[in-house]
Amino acid sequence: MLREVLARQAAQMGLRPEAEASQPESPTPIQPAAQQMPAPPPTATQLEPPKTPLAPAEFQETEDPLSPAEARELAEFNQWAAQVVAPSRLPRTLTWFMLGVLGLLVLLNIPLFNGLALARALPDRQAFIIRDGLVLKGSGPEIYVLEDNTKRWISSLDAFEHYGYQWNDVHLVEDDFLNQFPDGRPLHVLLKCGASPHIYRLENDRKRWIKDIPTFEAEGHLWEDVRFVSCAHLRTIPDGPPIPPDAGSPPQP
Amino acid sequence: MSAPPAIVSQPVGLLGEMELLLRNRFRFFAEIRDGVDVPRKIRAMFLYSSLFLATFGAVIGSEHSVWQALASSVKLPLLFLITLLVCLPTLYFFNTIFQASLSLSQNLALLLSAVTMTAIVLLAFAPVTLFFLMTTSQYQFYKLLNVAIFAIAGWIGMRQLSQGMLMLTAHERRGARIRGRILQVWILLYAFVGSQLAWTLRPFFGAPGLPFELFRGLGGNFYTNIFASLGELFGFFTVR
């Protein structure tokens, strides 16, 4: 019994009792030791995940705490979320509002004012983008087309139609607005066919032969204004007076 | 951090989901977080955002012609929805990489809620736009006014997105700071993609004097055009 008491005290103090030290070690149940005998192969339940070295701290996503502002916001959001939304008239209001907007839109687009819709019929709605190809008319009979910041007089109805313009394209503007653009070369229809050296100017559905190059340049034309058409088509257009009028009988293409 | 209590859904129709989004968007987000009727929410938001955007598109297009109004009513919803679809994978995969457990449908529902809120704000501005349509003759002013309206509506939508993302991922703190920064960058990406797509799909208003075109030729970009419009509005130069 004394031995037991001593052994207990020694165990508490972390010491090995002398009685046990002097006695030969009694055979103790064989404990498998890693260095003494090979360990049995582990079963599936005994397998533990291999201890891999920890990744550097900067590659681990740490748990980022909420900032005080975020925590306050979140508490408020969750408080709102806990409230039940009682049915209201909002869906009906939203539906009627959308239908009202659509109805107003249809009304504004009905052509009620001389064929124009209210959305586009107000007299001071004259704004447009200045661009090449914009067709303008002032108080006079001349119609111009803008090109390279100049206004080119469309010389004839033939030219107007030949270049594909329509009356809907013509914008009525103040003379002051028109005068800010310098005059450019008039817009004529100049025709030539490949097999003939002669150039013709189209006026009133008739072709007017331009006698020579000096006359061509004196009229203010440029080679870029000449359009090539087939000789057969050119021959079908009746002849008008040549340019100049005393140039003689116009040759056929 | 412990997860917040789950929300018990109330049976509602598609319009009821809109009511919930408008009157208590936090409960709406909480339902998305808890996976409550997410497909129905997506259907409701897709339907109503398209309707509201189509209505506003018709409003801005009627400045030019009926055809422009019809074209813009189709193009404006396409603009927002295509931008969302283009940018959705980026947000989803980055969130997943940085430890958020939101599903693709939850991400889609959250983004759609932002688009729907933007659409509702645009619809609310429709009477203002109609008023200026009838009373102003300056095309550049009218265009810039509507760009400002789009910016306000977009800001409100993105603010809602931030709030929703906070609610949906508040209980997942791992990587939260990085995800917050990613969301800010993603919002810039969304704005950039959206503005470029808007330029590609133009015109939405239709310049006066130009004939109706479904699509205008590419050239220039959204930002130089806005700069040019500002310049003309303040008399520095004329847009050509």
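The values are calculated or read from the model by the stated rules, or taken from the named source; none is laboratory data. Note that the structure is predicted; figures quoted are calculated from it, not measured. So basically every Cβ, Gly included, is an ideal-geometry build from the backbone, and we count neighbours across all protein chains shown.
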- Message: Residue pairs, Cβ under 9 Å, 6 or more apart or interchain, first in the stretch B:45-73 and more than 11 Å from chain A (Cβ to nearest Cβ), second buried (at least 24 other Cβ atoms within 10 Å of the Cβ) and not in a helix (DSSP H, G or I). List them.
- Response: B:Ala71/B:Gly206; B:Ser72/B:Ser62; B:Ser72/B:His64; B:Ser72/B:Gly206
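Results for (1) farther than 22 Å from B:Phe215 by Cα; (2) part of a helix (DSSP H, G or I), shown as yes or no for each residue.
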{"position": "B:Trp67", "(1), (2)": "no, yes"}
{"position": "B:Leu78", "(1), (2)": "no, yes"}
{"position": "B:Ala100", "(1), (2)": "yes, no"}
{"position": "B:Thr129", "(1), (2)": "yes, yes"}
{"position": "B:Gln140", "(1), (2)": "no, yes"}
- Query: Exactly one of (1) surrounded by 20 or more Cβ atoms within 10 Å (Cβ to Cβ); (2) in contact with a Pro (Cβ under 9 Å, 6 or more places away or on another chain); (3) outside any helix (DSSP H, G or I) is unmet by B:Phe215. Its number?
  - Reply: (1)
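For the stretch A:229-240, does any single residue satisfy the condition of being under 28 Å from A:Gly140 (Cα atoms) and either touching a strand residue (DSSP E or B) at 6+ places or on another chain (Cβ under 7 Å) or not assigned by TED's automatic domain parsing to the domain that holds A:Ser139 (or both)?
Here is the first cut: in the stretch A:229-240, the residues under 28 Å from A:Gly140 (Cα atoms) are A:240.
From the residues that got through so far, the ones that are either touching a strand residue (DSSP E or B) at 6+ places or on another chain (Cβ under 7 Å) or not assigned by TED's automatic domain parsing to the domain that holds A:Ser139 (or both) too are A:240.
Yes, the stretch A:229-240 has at least one match.
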- Message: Looking only at the stretch A:176-200, how many residues end up being out of contact with any Phe, Trp or Tyr (no Cβ under 8 Å at 6 or more places or on another chain) and among the basic types (Lys, Arg)?
- Response: 1
- Message: If I ask for residues that are exposed (fewer than 13 other Cβ atoms within 10 Å of the Cβ) and under 14 Å from A:Pro241 (Cα atoms), which ones from the stretch A:186-219 would you list?
- Response: A:Asn204, A:Asp205
- Breaking point among (1) at pLDDT 90 or above; (2) more than 11 Å from chain A (Cβ to nearest Cβ); (3) surrounded by fewer than 23 Cβ atoms within 10 Å (Cβ to Cβ), for B:Pro127: (2)
- (1) in contact with a Pro (Cβ under 9 Å, 6 or more places away or on another chain); (2) over 30 Å from B:Pro208 (Cβ atoms); (3) in contact (Cβ under 8 Å) with a residue 12 or more places away in the chain all hold for A:Gln252 apart from (1)
- Task: Taking B:Ile226 as the residue in question, decide whether it is modelled with pLDDT under 85, outside any loop (DSSP other than H, G, I, E, B) and in contact with a helix residue (DSSP H, G or I) (Cβ under 7 Å, 6 or more places away or on another chain).
- Result: yes
- Query: Of the numbered conditions (1) in contact (Cβ under 8 Å) with a residue 12 or more places away in the chain; (2) in a helix (DSSP H, G or I); (3) crowded, with 16+ Cβ neighbours inside 10 Å, B:Pro208 satisfies every one except a single condition; which is it?
  - Reply: (2)
